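First the structure, which I've put down as C-alpha cells, then a few questions once you've had a look.
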Amino acid sequence: MNTERLSDRLEAVANNIPQEAKLADIGSDHAYLPCHVVKKGVVPMAIAGEVAEGPFQSAIEQVQEEKLTDKISVRKGDGLEVIAPGEVDCITIAGMGGTLISTILEKGKSKLEGVSRLVLQPNVGSFAVRRWLIDNGWELVKEEILEEDRKIYEVLVADKGEPLKPYQDINLDSGILFGPFLLKEKSAVFKDKWNGEKRNWERILKQLDDAVQNDDTESKRQELKAKLKMAEEALQ
C-alpha cells in the first residue's frame, strides 16, 4: 500500500469522501489516505491526526516526501482535539474498533460543528458506531462490507439527518447489529461474517450450558440466544 494504491478498505473510505471536502483523517498512520485524496484532486486540503509519536513522525515524513506540506497539516493529538470547530466538513476514522471510534466521536462532539459527513471503518464492533450515530443525530446513508487479506471490514457513511430513517422497516436491534443496508443486501461476505459469528456464539453458549449456573451465566445465555435468533433470521 502507498499513496498511489490504497488498500481495498481505505479505497472504500476514500470513495465516500465528498468532492472538495475539507478533510480530517483521524488515526492517519502514514497519512496514505489524505495524501491519496489530495493528489487525486478529491479534496483541496486535509488534516492528518495521530496520537502516537511513531505514526505521527511517519505521517510527517510521508507528507514531506509527497511535497504536500502546503496542503496537508499533520497534527499530534488525541482524537478530534487536532481540529478546531468549523475547520473541516468531513471526518474519516479507519482501522480501529467500533467502541474506540464511538469514544473519539463522543469526546470530540464539540469539534463536529460544521461537519456534514463521517466515513468510519471499524475493524470490529460496528454496532457501537451505529448506536452512537443514532444517539447523536447522524443518519447512516451507506454501508459497505468487504474482505481483504482474509479479514472482513465494514465502512459506515453518515450525514447529518434523520438517524432512524434507515431502520424504518426493520427491527432496530437487528439493524444496529448487522447494519440496515448490509442486512438488506446480504452479500456473500456478509453471510461469511455472520455465519462465523454464529458458530462462535454457539460454541460460547455450549460452554455456558456446561458451566455452573448463576445469574451472570443465565444473563449471558439469554443475550447469546437473542443474538443467535437474530443471526438466523438475518441469514435466511
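The values are calculated or read from the model by the stated rules, or taken from the named source; none is laboratory data. What you see is a predicted model; the values in this text were computed from it and never measured. Glycine gets a Cβ as well: all are built from the backbone with ideal geometry, and neighbour counts include every protein chain shown. Surface accessibility is based on the protein's heavy atoms, side chains included, excluding ligands, DNA and RNA. Shrake-Rupley method; radii C 1.70, N 1.55, O 1.52, S 1.80 Å.
Does Leu164 count as open to solvent by 40 Å² or more (accessible area, probe 1.4 Å), at pLDDT 90 or above and either within 19 Å of the chain's Cα centre (by Cα) or among the aromatic types (Phe, Trp, Tyr) (or both)?
Taking the combined requirement at face value, the residue satisfies it.
I'd like to check something: does the stretch 205-214 contain any residue that is open to solvent by 30 Å² or more (accessible area, probe 1.4 Å), touching a helix residue (DSSP H, G or I) at 6+ places or on another chain (Cβ under 9 Å), free of Cβ contacts under 8 Å to residues at least 24 places away in the same chain and not in a helix (DSSP H, G or I)?
yes
Looking at this structure, is Met96 open to solvent by 10 Å² or more (accessible area, probe 1.4 Å) and touching a residue at least 40 places away in the same chain (Cβ under 8 Å)?
Against the criterion (open to solvent by 10 Å² or more (accessible area, probe 1.4 Å) and touching a residue at least 40 places away in the same chain (Cβ under 8 Å)), Met96 qualifies.
I've got another one for you. State all residues of the stretch 37-76 that are open to solvent by less than 40 Å² (accessible area, probe 1.4 Å) and at positive phi; if no residue qualifies, say none.
Gly41
Here's something else I'd like to know. Which members of the stretch 137-158 meet the condition of being on the phi > 0 side of the Ramachandran plot and either acidic (Asp, Glu) or touching a residue at least 60 places away in the same chain (Cβ under 8 Å) (or both)?
Across the stretch 137-158, the qualifying residue is only Asp149.
Can you tell me how many residues within the stretch 99-112 are under 18 Å from Asp29 (Cα atoms) and surrounded by fewer than 20 Cβ atoms within 10 Å (Cβ to Cβ)?
Residues in the stretch 99-112 being under 18 Å from Asp29 (Cα atoms) and surrounded by fewer than 20 Cβ atoms within 10 Å (Cβ to Cβ): 1 in total.
Any residue that is under 19 Å from Glu143 (Cα atoms) and of a type in the set (Lys, Arg) - is there at least one of those in the stretch 4-26?
Yes: the stretch 4-26 contains one or more residues that are under 19 Å from Glu143 (Cα atoms) and of a type in the set (Lys, Arg).
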